[in-house]
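The values are calculated or read from the model by the stated rules, or taken from the named source; none is laboratory data. The structure presented is a predicted model; accordingly, all values stated were derived computationally and were not measured. Quick reminder, even Gly has a Cβ in these numbers, built from the backbone with ideal geometry, and neighbours come from all protein chains shown. SASA here: full protein model, heavy atoms, side chains in, ligands and nucleic acids out. Shrake-Rupley method; radii C 1.70, N 1.55, O 1.52, S 1.80 Å.
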Amino acid sequence: DVKVTQSSRYLVKRTGEKVFLECVQDMDHENMFWYRQDPGLGLRLIYFSYDVKMKEKGDIPEGYSVSREKKERFSLILESASTNQTSMYLCASSFPRGNNSPLHFGNGTRLTVT
Amino acid sequence: GEDVEQSLFLSVREGDSSVINCTYTDSSSTYLYWYKQEPGAGLQLLTYIFSNMDMKQDQRLTVLLNKKDKHLSLRIADTQTGDSAIYFCAERPGDSGYSTLTFGKGTMLLVSP
């Protein structure tokens, strides 16, 4: 079974702090994704990566950056956390397009910014 | 752009069938997926259907696809209280170069005893 592990289930940070959310997958997937989930808004794609050191902006990249130094690890960085970034963050991974390649999700990190 | 719509809420009694509906706009979608999210957890892949199929059955789950109307449904037979969760419909748009999926906002299924 695919395992996508997010390093923290719950995080509480202060406004202005730099925040790192870490995600590791064990299936040698090329693609990795970061979403945020908010009530009434569903899942919104922040960034994704299709290879090491490659990244693409999703629908809401403002206020976020990402890092993919190794194939199995994809980090989401909040350079200066703000209260409107309080949310559930979901990491996912998949094989490249061309196959039936569903996204496999981690259990999420619930981030609160005070 | 792509859009996936779902009703927000469904309530059923234990033992009844549940039907969760979804509409999408991209006629070139290749695969369509159903995910389940239990409280406080991530999304779990339930099932999927390829766009050249019109039905897929997997134990208690039946997926129906009407490609002409761009309508997808998930039927859960003999619904149990453990099926209470949020269900997301997702499509792979035909022009998605990097395997991104477009998700609906999710349908909350509440199963009462």
Open item on the list: Of everything in region A:80-99, what is touching a strand residue (DSSP E or B) at 6+ places or on another chain (Cβ under 9 Å), at pLDDT below 95 and loosely packed, with under 15 Cβ neighbours inside 10 Å? Give them in sequence order.
Closed with: A:P96
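Which one of these is free of Cβ contacts under 8 Å to residues at least 40 places away in the same chain, within 20 Å of A:Y10 (Cα to Cα) and either crowded, with 22+ Cβ neighbours inside 10 Å or aliphatic (A, V, I, L, M) (or both): A:V66, A:V52?
Numbers: A:V52 fails: within 20 Å of A:Y10 (Cα to Cα).
None of the others qualify; the one that does is A:V66.
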Open item on the list: Please determine whether any residue of region B:83-98 is modelled with pLDDT under 95, of a type in the set (F, W, Y), under 24 Å from A:C91 (Cβ atoms) and in contact with an Asp or Glu (Cβ under 9 Å, 6 or more places away or on another chain).
Closed with: yes
Open item on the list: Out of the residues in region B:1-26 meeting the condition of being of a type in the set (S, T, N, Q) and outside any strand (DSSP E or B), tell me which one is nearest to B:T102 (Cα to Cα).
Closed with: B:T25
- [ ] Go through (1) more than 11 Å from chain B (Cβ to nearest Cβ); (2) touching a Gly at 6+ places or on another chain (Cβ under 8 Å) one by one and return the number of the condition A:F48 breaks.
- [x] (1)
Task: Condition met for B:I49 (in contact with a Gly (Cβ under 9 Å, 6 or more places away or on another chain) and assigned to a strand (DSSP E or B)) - done: no
Open item on the list: Tell me the residue from B:K68, B:K105 that is basic (K, R), at pLDDT below 95 and exposed (fewer than 14 other Cβ atoms within 10 Å of the Cβ), please.
Closed with: B:K68
Open item on the list: When the residues of region A:1-42 are narrowed to those that are free of Cβ contacts under 8 Å to residues at least 24 places away in the same chain and at the interface with chain B (Cβ under 9 Å from one of its Cβ atoms), which ends up farthest from A:S65 (Cα to Cα)?
Closed with: A:G40
Open item on the list: Kindly evaluate B:D78 against the criterion of being open to solvent by 10 Å² or more (accessible area, probe 1.4 Å), in contact (Cβ under 8 Å) with a residue 40 or more places away in the chain, outside any strand (DSSP E or B) and over 30 Å from A:S49 (Cα atoms).
Closed with: yes
